[in-house]
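A.B. asks: Sharing a structure with you now.
The values are calculated or read from the model by the stated rules, or taken from the named source; none is laboratory data. None of the values given here were measured: they were computed from a predicted structure. So basically every Cβ, Gly included, is an ideal-geometry build from the backbone, and we count neighbours across all protein chains shown.
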Amino acid sequence: MKTDGGQALIRSLEREGVEVMFGLPGGAILPVYDPIIDSKIRHILVRHEQGAGHMAEGYAQATGKPGVAMVTSGPAATNIVTPLCDAYLDSIPMVVITGQVPTAAIGTDAFQECDTTGITASITKHNFLVTEAQDIPQVIKEAFHIATTGRPGPVLVDIPKDIVDPTNPRSSLEWEDNVEIDLPGYKVDTSVDPEAIQKAVELIQNAERPILYIGGGILKSRAAESLLELAELTGIHVVTTLMARGAFPDSHELCLGMPGMHGNFTAVTAMQESDLLITLGARFDDRVTGKLDEFAVSAKIIHVDIDPAELGKVRRPDVPVQGDCRTAIEAMVSVLRDFGSGNTDRTAWKSRISGWQERFPLVYEPSTPGQALKPQFVIEKLRDATPADTIVASGVGQHQMWASQYWTFNHPYTWINSGGLGTMGFSIPAAIGAKVGCPEKMVWAVDGDGCFQMTAQELVTARVENIPIKVALLNNSYLGMVRQWQDMFYEERHSEVFLSKEIPDYKGWAESMGCFAMRVDDPDEVEEAIAQANEIEDRPVVIDFRTAAEEKVYPMVASGTGNSDVIVPPSQEKEIR
Amino acid sequence: MNTESPGHRNHTLVVTVENKSGVLARVASLFARRAFNIRSLAVAPTEDEHLSRITIVVDGESAPIEQVVNQLDKLINVVDIQDLQPGHAIERELMLVTVAVEPEHRDDIVEQLDRAGGKVMSVGADSMMLSLVGDPEHIDTFENLLRPFGILEIQRTGRVALANLDETIE
Ligand SMILES: Cc1ncc(C[n+]2csc(CCOP(=O)(O)OP(=O)(O)O)c2C)c(N)n1
Ligand SMILES: [Mg+2]
């Protein structure tokens, strides 16, 4: 059947099972927008291309399906660079389609031309510049295959206008019902080496102070249930990194919560004192390890990762296991069931852990009436007033750390944040994408005032496209996380971190974008405002919570120091000799 | 003789890639982004028109070689990577060099060149252009020998290499 490149592109997306895409049209991509009118794919028109990218990420994180965004050439392509890098660092499956100037104009500095594949080569898992209409179906198939298999990641497909423009003979192609992938250099090996599993199990059986160090890879391999089985079978405590919150239930007695720079004392210290880190889909990020040569010095390392380049990149494993996390966990469980979990006495270790938990819980000083709200208090109230499977999407800053610390994540895929890149402005579009993917779930964005001002315009998208997310704005009038560093390491000299106490008027701004909006100053009003927000389903809601600016995120491992030097809140300082 | 310590020697990687536009740029940009140092690089088509072969000499001190190999392997267009062991590979480089030489010293140079196995490519009034193919150490030695005459221009190719035959037959 004869068709044109634009039609073929949309049909190829349909063939991949795409139900929704996020985007914004322009000159170079125009011909592809025409067939969208007749497609069953839902297109969500964003207000800024960065929003389209983060929405696709939020959709992918919440559903496990690849997120799809489509934008035009030049400035639109550069606007989506941040989400591509974000998705690359957090291994999020995403396919981004960009328009490009006609093939004959490439290299001439034509209007809205930019070297999109050149710019994005190092922040995508792969990218394609398609030069023949006939190649479109195959490239789309390959793009989805690469994005979703192995270690997932973003793939960009750059499409010159002439090959999709039906008035141009170069756009004509023969549509075929079957296309084959041809990627001789791409092989995904998910199997695991039984010998490595055997060695790993021996280490587990003999370890006195083992810890399961869980990263985002567990969620990517959909291994939360297998992990629960492994932890319960062995009785080993679990830490979940910022990318893995929810992969293991926070309410479980074996859960120690988040490790790292703002991890809780017990999670940080248990890793530090451990003699075996069973590392599953985590990558020894510097925010987790602190100063590397002081990190968990007496620990042996089992490292399971689908990406061989992660094994030994930062810390040399004693037992590297290349392969899919779920397959590896299931293999370990089966060997452990056959041979037992060993007889190593871990009572001393367990009592040390519970000792730390008693002495160093997460704490903050409650606010007294008339004082500004404590951000932690707001998170706790929100947590207690929402369904257990509520999806929380956060921005980047203090509010992100408090959300991760004070929420109780008992379900996988309920925590969506920008871990690797730390992209301010992530939460609102990511929440929108998550809500589009999971319309039956409640979705709350926990945002900072700095972040909000970077992508708030997508609330217009949310209202117009009928995507009723809710936003808890923890408004401290500051770029709070940066202020905290200036407080702690720059003698409280505040340089360019104060935003404003009165401008913008967030309530008025949110209302003008079609949201229901409230402002909350008093601790007594918090519960009621949240209850009211939870009732509203016909539009987005924004609550401007006025929070205390001087509040700091504790504990903290200062940048460049080791995890044994974790700084605890002032009220716990006497506990540390 | 290899006097460098095993962890820190140069490695010769023979990287087979898809013969598509932009692939060399991807390889080069990977090295730049990950702070791996390239000592030399040569690229050319292979016996299969869909494939090209890039020979890269990597500074083993800039990063552990497994890391370089694993990161390269993640490039979708990279089909195969061989880490050639010194002594188990045939390595060659080509040098083109123009030296200043008075007519009365020409014989002198030609004699040296003959012994090294090189060729005279062109002769000018007071200069000569020579070519020499050999393993990199051989080329280094000859280059040093020419230095006293005065090297006017020199161009060396990157190294190309293939695994030795006993190495490839299992
Ligand atoms: C795009 C971007 N620019 C700058 C930063 C550096 N940065 C990290 S946190 C932060 C402050 C965030 O302020 P806000 O959203 O108000 O959150 P708060 O820390 O106050 O909770 C900044 C500027 C960043 N992470 N991302
Ligand atoms: Mg703030």
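A.B. asks: Would region A:529-541 turn up any residue that is assigned to a helix (DSSP H, G or I), surrounded by fewer than 21 Cβ atoms within 10 Å (Cβ to Cβ), touching a helix residue (DSSP H, G or I) at 6+ places or on another chain (Cβ under 8 Å) and among the aliphatic types (A, V, I, L, M)?
C.D. replies: yes
A.B. asks: List the residue pairs whose Cβ atoms are under 8 Å apart, where the first residue sits in region A:310-325 and is assigned to a helix (DSSP H, G or I), the second is aliphatic (A, V, I, L, M), and the two are 6 or more positions apart or on different chains.
C.D. replies: Close Cβ pairs satisfying both conditions: A:C325/A:I218; A:C325/A:A223; A:C325/A:L280; A:C325/A:V304; A:C325/A:I306.
A.B. asks: Another question, if that's okay. Within region A:64-77, is there a residue that is in a helix (DSSP H, G or I) and buried (at least 24 other Cβ atoms within 10 Å of the Cβ)? Walk me through it before giving the result.
C.D. replies: Step one: filter region A:64-77 for residues in a helix (DSSP H, G or I), giving A:75-77.
Restricting the remaining residues to those that are buried (at least 24 other Cβ atoms within 10 Å of the Cβ) gives A:76-77.
Looking for residues that are in a helix (DSSP H, G or I) and buried (at least 24 other Cβ atoms within 10 Å of the Cβ), one finds at least one in region A:64-77, hence yes.
A.B. asks: I'd like the residue in region A:283-308 that is more than 19 Å from the chain's Cα centre (by Cα) and either within 13 Å of chain B (Cβ to nearest Cβ) or assigned to a strand (DSSP E or B) (or both) and, out of all such residues, is farthest from A:G153 (Cα to Cα).
C.D. replies: Out of the qualifying residues, it is A:K300.
A.B. asks: Could you count how many residues in region B:13-52 are away from chain A (no Cβ under 13 Å), surrounded by 15 or more Cβ atoms within 10 Å (Cβ to Cβ) and not β-branched (V, I, T)?
C.D. replies: Qualifying residue count for the region: 6.
A.B. asks: Within region B:61-75, is there a residue that is surrounded by 20 or more Cβ atoms within 10 Å (Cβ to Cβ) and more than 10 Å from chain A (Cβ to nearest Cβ)?
C.D. replies: Among the residues of region B:61-75, not one is surrounded by 20 or more Cβ atoms within 10 Å (Cβ to Cβ) and more than 10 Å from chain A (Cβ to nearest Cβ), which makes the answer no.
A.B. asks: Give the residues of region A:509-546 that are touching a Ser or Thr at 6+ places or on another chain (Cβ under 9 Å) and within 16 Å of ligand 2 (Cβ to nearest atom), sorted by residue number.
C.D. replies: A:R546
A.B. asks: What helices (runs of 4 or more DSSP H) completely inside region A:183-250 contain at least 3 residues that are touching a Ser or Thr at 6+ places or on another chain (Cβ under 7 Å)?
C.D. replies: Qualifying helices (runs of 4 or more DSSP H): A:194-206.
A.B. asks: A follow-up question, please. Looking for something without any contact (Cβ under 8 Å) to a residue 40 or more places away in the chain and either in contact with a strand residue (DSSP E or B) (Cβ under 9 Å, 6 or more places away or on another chain) or over 24 Å from A:L230 (Cα atoms) (or both) - is there at least one such residue anywhere in region A:337-344?
C.D. replies: no
A.B. asks: How about region B:88-170: which strands (runs of 3 or more DSSP E) wholly inside it have at least 1 residues that are at pLDDT 95 or above? Show your work before the answer.
C.D. replies: Working: elements: B:89-100, B:119-123, B:127-134, B:151-156, B:160-163.
The strands (runs of 3 or more DSSP E) meeting that bar are B:89-100, B:119-123, B:127-134, B:151-156.
A.B. asks: With respect to A:V553, is the statement that it is in contact with a His (Cβ under 6 Å, 6 or more places away or on another chain) and either away from ligand 2 (no atom under 16 Å from the Cβ) or not assigned by TED's automatic domain parsing to the domain that holds A:I416 (or both) true?
C.D. replies: yes
A.B. asks: Considering only region A:26-53, state which residues are touching an Asp or Glu at 6+ places or on another chain (Cβ under 7 Å), closer than 26 Å to A:A456 by Cβ and part of a helix (DSSP H, G or I).
C.D. replies: A:G51
A.B. asks: Looking at region A:448-475, which of its residues are crowded, with 24+ Cβ neighbours inside 10 Å, touching a residue at least 60 places away in the same chain (Cβ under 8 Å) and either more than 19 Å from A:H262 (Cα to Cα) or more than 12 Å from ligand 1 (Cβ to nearest atom) (or both)?
C.D. replies: Once the filter is applied, which keeps residues that are crowded, with 24+ Cβ neighbours inside 10 Å, touching a residue at least 60 places away in the same chain (Cβ under 8 Å) and either more than 19 Å from A:H262 (Cα to Cα) or more than 12 Å from ligand 1 (Cβ to nearest atom) (or both), region A:448-475 yields A:T455, A:E458, A:L459, A:T461, A:A462, A:I469, A:K470, A:V471, A:A472, A:L473, A:N475.
A.B. asks: Which one of the conditions (1) polar (S, T, N, Q); (2) in contact (Cβ under 8 Å) with a residue 12 or more places away in the chain; (3) surrounded by fewer than 17 Cβ atoms within 10 Å (Cβ to Cβ) does A:S512 fail to meet, given that it meets all the rest?
C.D. replies: Exception for A:S512: condition (2).
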